[in-house]
Each structure stands twice: as C-alpha cells, then as structure tokens.
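Asker: Dropping the structure in here first, questions after.
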Amino acid sequence: MTALITKLIKDELPELGFSHFGFSALSKPLSFEFYQGWLNEGLHGDMKYLEDHAPIKETPQAKWPRAQSALVFAIPYFPHPEGKADFPLKAARVSLYAQGMDYHFWFRERMQKLCTSLQEKFPDEEFLSFTDSSPILERDLAKRAGLGWVGKNTCLIHPKKGSLFFIGEIYTSLKMTTEFEPVPDFCGTCTRCIDICPTGALLEPRKMDARKCISYLTIESRTLPPEELREKIGDWFFGCDLCQTVCPWNQKVFKGQLSIETNLTLNEEQTQSLTEDLRYILSASGKKLEKDFWGTPLARAGSFGLKKNALIVAGNKKLLPLKEEVQKLTHHEKLGPLALWTLKKLASVEPEKS
Ligand code: B12
Ligand code: SF4
Ligand code: SF4
C-alpha cells in the first residue's frame, strides 16, 4: 500500500508543484517537551493560539480520532509559484514567501486534489489536508517524514532544496510504514543565521524569542514594537528572510540570487519608488488596502499593521518627503505614538531653517 501511494503521489508531484514529500506515523511530536517549555517561557508573545493548540499538537487523535499517519509535502516559494500580477508594492522590502498569493489557499487546494485521487482509490479511508494554521507542529512532523533537518535558524532545511519552502500535510486513517531516513543535521559549526539576526531573536541554536523576530513584529503582532527594536527592524516592511538567505545551504541552491544586506542600499530611483509605496500605505483608507492586498499574506497585517510597518521603515530610511503623511497620523488613536517617533527620526535629517 505504501508503494501504491508513493507512486500515486509521484505521478502527481510535478503538476502540483511539490518539491519533495515523505510519510510519518502520527504520534506525539519528538520536540513536544521543547515546544511546551518554549511556551512556558512566554517566547510566543501574543500568539495565544499556540498555547490553545498544545493539547492537540501533543495528541492529534484528540481532534482527528481516525488519523494514523501523515503525508507531508514541501512547495518552494522562491521563485513564488503563485505570483500576483498587480502586486501593489514596487520597492518596499517584503519577505519572499509573501511576494505572491497566500499559500493558505492554494497549497491546501493542491493537496485537496491529491486527497480526491486518494479517496477514489481508498473510499473507506479518511484524508484531511492542512497547512500552517491548524494545531500541528509542522516542522517536527516534516523532520520525522525526512523532509529536512531543523537548522539553528529554526527552519527545516533540505541539503538539495534549501529551506525556502512551505510545509503542508494530509492526515490519513491509512497506516503508512515509514521508509524515509531522517536527514542528518548539516549545520556543523556554522552560526551565520544567529550572527546576522538584527534583533538577536535567535537566542541559541534552534530557539527563537518570537517577540523579537521581525516576522512577528511586522506580521503577527497587533501592538507597536518596543522602542528599542524599532531601529533594528531596518527596512523590512513585511517579514524577514535574513537568517535563511545567509544560510550556506540556501546560497548553494539559489546561487547569487539571495540578498543578505541587513539594510538594502538603494539608488535615487529605488528610494523614490520606496517613498511612493509608503506614501500610498500611509494615506490609503483601510477599505482600499483591504481590496488591494486581498488574497495575499499582507492582508493578515490589516490596515493598522501595514501603516505601522510603513511608519517604521519611513523613520529608519529617513524618508523626509513623507513628513506630511506621518504628521497626519500623529492624531491616530493607536498609531499616534509611533508617528511621533518617526517624526523625531525625520527631524534628525531635516535641514535647519534659517
Ligand atoms: C508561529 C509561527 C511563526 C512565528 C514563530 C517562528 C518560530 N521559529 O517559532 C514567526 C511569526 C516568528 C514565524 C516566522 C516565520 N515563519 Co512561521 N510559523 C509559525 C507556525 C504557525 C507555528 C510554529 C511554532 O509552533 N513555533 C514554536 C517553535 C518552538 O516550534 P517550531 O519552530 O515550529 O519547531 C521547533 C521544533 O520542531 C524544534 N525541534 C524539532 N526537532 C527538534 C530536535 C531537538 C533536539 C530540539 C531541541 C528541537 C527540535 O525545533 C524547532 C525550532 O525551535 C508554523 C506552522 C505550524 N503549524 O507549525 C509556521 C512555519 C514554521 N513558518 C514558516 C515560515 C515560512 C516562516 C517565515 C520564513 C516567514 C517569513 N519570511 O517571514 C519566518 C521564518 C522565521 C524563522 N527563523 O523561523 C514555515 C516554515 C517552513 C520551513 N521550511 O521551516 C511554517 C512551517 C509554515 C508552513 N506551513 O510552511 N513563524
Ligand atoms: S526572520 Fe529575521 S528577525 Fe526573525 S530570526 Fe530570522 S533574521 Fe532574525
Ligand atoms: S546559517 Fe548555518 S547554522 Fe544557520 S541554519 Fe544555515 S547552516 Fe545552520
């Protein structure tokens, strides 16, 4: 049966865009105690749902009683497989995974197609597809299914594919016999990811303080970032890729295509494009932003999140032409204090009036 399923998946693999896959029995995650300790230390910040998910992550059958095994899939996001032709930003720095349509929709749809084929072959069995948002410790599961090792940057890395891929899984009532060898840890003595992280979010190998991660601060958090972290966010408008782009395993796979500049050096034209991007974000209505970013990961941040990120980048890049737009936000109920911070940064470059 395992051979039959492997063939079925392999036949559909190229069409569905999966780069690699594996199987794992569905049992308590090997790193569950690590996860629980991480939560106990409060390193998840405001992501309260990660606490609520813990019991189901520990015992998947508590929610899905028939589930016995998981088929685990990876889809690379660089280059982005589902681009958006009219992506509203030209120069603002957006992490690679977000430069297209939101994978929560299209990745699941692709797995759903596979579920339909599997269901036809095994009508009495159950097949359920998930990616990201369900109570599943996905990196642990993918590691057990042989999709890669957990690097010191906390990401799952494959020696031939790098780490720029999403993870998704199909839970099934079928009992699969695992035939995938675990991928050994190839980090060795390297510490490049820990060294480059601008905010010091990687506390030690494989342990992140999410409250300090730029991805958390620009995507997940619904509050203003602490003042001491604002400068460190640099020019990242949405997410951050540095601890992955610096990784030699990604450098090897994506030769010369990945930036490791903590702050991009922009020429005059690029600076103007960035200014226009941020002017649009700072002045657009919530409705307009919602419409323009619909279906992309940026929609998750909402109008508050996008304007918050624009204020930080405007301040860090000292974009003086945005002064008027920033000024208007000083009266905003939640963004006001941040707009004042940005104005202070802009004042430091303003030529003195005689
Ligand atoms: C919350 C979350 C975040 C948080 C916290 C990230 C983190 N590192 O914990 C924030 C918002 C910061 C984030 C950022 C990003 N995320 Co995210 N995120 C998640 C989510 C929803 C839960 C992760 C979680 O539970 N974290 C808690 C920690 C403790 O668990 P973990 O990192 O998942 O895995 C740990 C254990 O497996 C453990 N482990 C495993 N084996 C072993 C063995 C030993 C001995 C030890 C000690 C530990 C250990 O080590 C891992 C690292 O601590 C998952 C989806 C999911 N359902 O799992 C996506 C997920 C992890 N994110 C993903 C992505 C793509 C990103 C970003 C690249 C997006 C971006 N560019 O901005 C960044 C990457 C930053 C980074 N270095 O991790 C992918 C990762 C793909 C991959 N190849 O690894 C996932 C799987 C989503 C998906 N379905 O594709 N994310
Ligand atoms: S994504 Fe950026 S901020 Fe987060 S741990 Fe990696 S380098 Fe640090
Ligand atoms: S940068 Fe080095 S230490 Fe970090 S994940 Fe890559 S190989 Fe491992």
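The values are calculated or read from the model by the stated rules, or taken from the named source; none is laboratory data. Quick caveat: nothing in here was measured; it's all calculated off a predicted structure. Positions of Cβ are generated from backbone atoms using ideal geometry, with glycine treated the same way; all protein chains shown enter the neighbour counts. When the accessible area is computed, the model is the full protein with side chains, heavy atoms only, and any ligands, DNA or RNA have been set aside. Shrake-Rupley method; radii C 1.70, N 1.55, O 1.52, S 1.80 Å.
Asker: Towards the positive end of the charge dipole of region 168-292, with charges on Cβ (+1 Lys, Arg; -1 Asp, Glu), say which of W249, L289, T271 has the farthest Cα.
Answerer: L289
Asker: Anything over 22 Å Cα to Cα? Flag those among K121/K160; K161/K255; K84/K287; K90/K161; K90/K288; K113/K160, in the order listed.
Answerer: K121/K160; K90/K161; K113/K160
Asker: Take each of the peptides 28-38, 311-321, average the number of other beta-carbon atoms within 10 Å over its residues, and list them starting from the highest. List each step's numbers first, then the result.
Answerer: Values: 28-38: 15.3, 311-321: 21.4.
Ranking the peptides 28-38, 311-321 by packing returns 311-321, 28-38.
Asker: Using a 1.4 Å probe, what is the accessible area per residue for region 209-354, in Å²?
Answerer: Working: 7320 Å² over 146 residues.
Per-residue accessible area for region 209-354 comes out at 50 Å².
Asker: Please get the size of the charge dipole for region 266-343, origin at its Cα centre, with Cβ charges of +1 on Lys and Arg and -1 on Asp and Glu, quoted in debye to the nearest 20.
Answerer: Numbers: 12 positive and 9 negative charges, 63 e Å.
The calculation lands at about 300 debye.
Asker: Please quote Rg/Rh for region 2-172 to two decimal places, taking the Kirkwood radius as Rh and restricting both calculations to Cα atoms.
Answerer: Expressed as Rg/Rh, it is 0.97.
Asker: Ok, one more. Name the long-range amide H neighbours of F23: under 5 Å, sequence gap of 5 or more, or other chain; modelled H, no Pro or chain starts.
Answerer: Amide H neighbours of F23, under 5 Å, 5+ apart: V72, E179, F180.
Asker: Give the Cα extents of region 197-354 along the principal axes, in whole Å, largest first.
Answerer: Answer, in whole Å and largest first: 51, 36, 29 Å.
Asker: Would you work out which of L89, A142, G100 lies farthest towards the positive end of the dipole of the chain? Charges go on Cβ: Lys and Arg +1, Asp and Glu -1.
Answerer: Looking along the dipole axis, the top candidate is L89.
Asker: If you don't mind, there's one more thing I want to ask. So what's the gap between the Cα centers of region 271-289 and region 34-75, to the nearest angstrom?
Answerer: 37
Asker: Arranged from highest to lowest average of other beta-carbon atoms within 10 Å per residue, in what order do the peptides 139-152, 264-277, 246-259 appear? Display every interim value, and only then the final one.
Answerer: Numbers: 139-152: 23.4, 264-277: 14.1, 246-259: 16.3.
Packing proxy ranking, top to bottom: 139-152, 246-259, 264-277.
Asker: In whole percent, how big is the carbon plus sulfur part of the accessible area of the chain, probe 1.4 Å, protein atoms only?
Answerer: Numbers: 8960 of 16950 Å².
Ligands and nucleic acids excluded, carbon and sulfur give 53 percent.
Asker: F166's amide H: which non-local residues (gap 5+, or another chain) put their own amide H closer than 5 Å, with H modeled 1.01 Å from N in plane and none for Pro or chain starts?
Answerer: Correct list: I75, Y77.
Asker: Let me ask something else. What is the ratio of the Cα radius of gyration of region 311-354 to 2.2 N^0.38 Å, with N the residue count, to two decimals?
Answerer: Values: Rg = 10.0 Å, N = 44, 2.2 N^0.38 = 9.3 Å.
Output field value: 1.08.
Asker: Report the net charge of residues surrounding D235, where surrounding means a beta-carbon distance below 10 angstrom and charges are Lys +1, Arg +1, Asp -1, Glu -1. Provide the component values of the computation, followed by the final result.
Answerer: Working: positive: R93, K317; negative: E261.
Once all neighbours under 10 Å are counted, the net charge is +1.
Asker: Among all the lysines, which ones have a C-alpha under 18 Å from K57's C-alpha, if same-chain residues fewer than 8 places away are not counted?
Answerer: Those lysines meeting the cut-off are K28, K48, K143.
Asker: Also: Restrict the search to region 49-141; then list the GluC sites (Glu not before Pro) that DSSP places in a loop and that have at most 15 other Cβ atoms within 10 Å of their Cβ. All intermediate terms of the calculation are to be shown ahead of the outcome.
Answerer: Values: sites: E51, E58, E82, E109, E120, E125, E126, E138; in loops: E82, E125, E126.
Sparse-neighbourhood loop GluC sites (Glu not before Pro): E125.
Asker: Would you mind calculating the relative contact order of the chain from Cα pairs under 8 angstrom and at least 6 residues apart, reporting the percent as a whole number? Mind showing how you got there, number by number?
Answerer: Values: 566 pairs, mean separation 63.8, N = 354.
Answer for the chain is 18 percent.
Asker: Is the shape of region 159-274 rounded, prolate or oblate, going by the alpha carbon gyration tensor and its root eigenvalues a ≥ b ≥ c, with a/c under 1.5 for rounded and a/b larger than b/c for prolate? Show your work: numbers first, answer last.
Answerer: On the way: a/c = 1.91, a/b = 1.60, b/c = 1.20.
Verdict is prolate for region 159-274.
Asker: Convert each backbone phi in region 306-312 into a coupling constant with the Karplus relation 6.51 cos²θ - 1.76 cosθ + 1.60 (shift: θ = phi - 60°), then list the ³J(HN,Hα) values in order as whole Hz, x for Gly and Pro.
Answerer: For region 306-312, the Karplus-derived couplings read 5, 5, 4, 5, 5, 5, 5 Hz, x marking Gly and Pro.
Asker: Averaged across orientations, what area in nm² does the convex hull of the alpha carbons in region 162-204 project? Walk me through the numbers on the way to the answer.
Answerer: On the way: hull surface 21.4 nm².
That works out to 5.4 nm², a quarter of the Cα hull's surface.
Asker: In whole Hz and in residue order, list the ³J(HN,Hα) couplings for region 288-302 that follow from phi through the Karplus curve 6.51 cos²θ - 1.76 cosθ + 1.60, θ = phi - 60°; x for Gly and Pro.
Answerer: 5, 5, 4, 5, 5, 9, 3, x, 9, x, 5, 4, 4, 6, x
Asker: Please compute the alpha carbon radius of gyration of region 207-254, then divide it by the globular-protein estimate 2.2 N^0.38 Å. Two decimals is fine.
Answerer: Values: Rg = 12.4 Å, N = 48, 2.2 N^0.38 = 9.6 Å.
Working it through for region 207-254, the quotient is 1.29.
Asker: At a threshold of 8 angstrom on Cα-Cα distance, excluding pairs fewer than six apart, so keeping six or more, what relative contact order does region 266-343 reach in percent?
Answerer: Working: 59 pairs, mean separation 22.5, N = 78.
RCO, region 266-343: 29 percent.
Asker: Once the Cα gyration tensor of the chain is diagonalised, what are the square roots of 5 times its eigenvalues, in whole Å and ordered largest first, as equivalent ellipsoid semi-axes? If you can, show how the numbers build up before the last one.
Answerer: Numbers: eigenvalues 312, 86, 77 Å².
Semi-axes, largest first: 39, 21, 20 Å.
Asker: At q = 0.15, 0.19 Å⁻¹, what log₁₀ I(q)/I(0) does region 266-343 have when each alpha carbon counts as one equal point scatterer in the Debye sum?
Answerer: The Cα Debye sum returns log10 ratios of -0.49, -0.77.
Asker: In addition: Under the Karplus relation 6.51 cos²θ - 1.76 cosθ + 1.60, θ = phi - 60°, what is the ordered set of whole-Hz ³J(HN,Hα) values for region 33-44, x standing for Gly and Pro?
Answerer: Those phi angles translate into 4, 4, 4, 4, x, 4, 5, 4, 7, x, 6, 8 Hz.
Asker: Peptides 204-211, 17-24: what's the order by average Cβ count within 10 Å, highest mean first? Write out the running numbers ahead of the final one.
Answerer: On the way: 204-211: 16.8, 17-24: 21.2.
Ranked from most to least packed, the peptides come out as 17-24, 204-211.
Asker: Further question: If the viscosity is 0.692 mPa s and the temperature 37 °C, what Stokes-Einstein diffusion coefficient in µm²/s follows for region 109-197 when Rh is the Kirkwood radius over Cα pairs? Each step should come with its number before you reach the end.
Answerer: On the way: Rh = 14.9 Å.
Estimated via Stokes-Einstein, D reaches 220 µm²/s.
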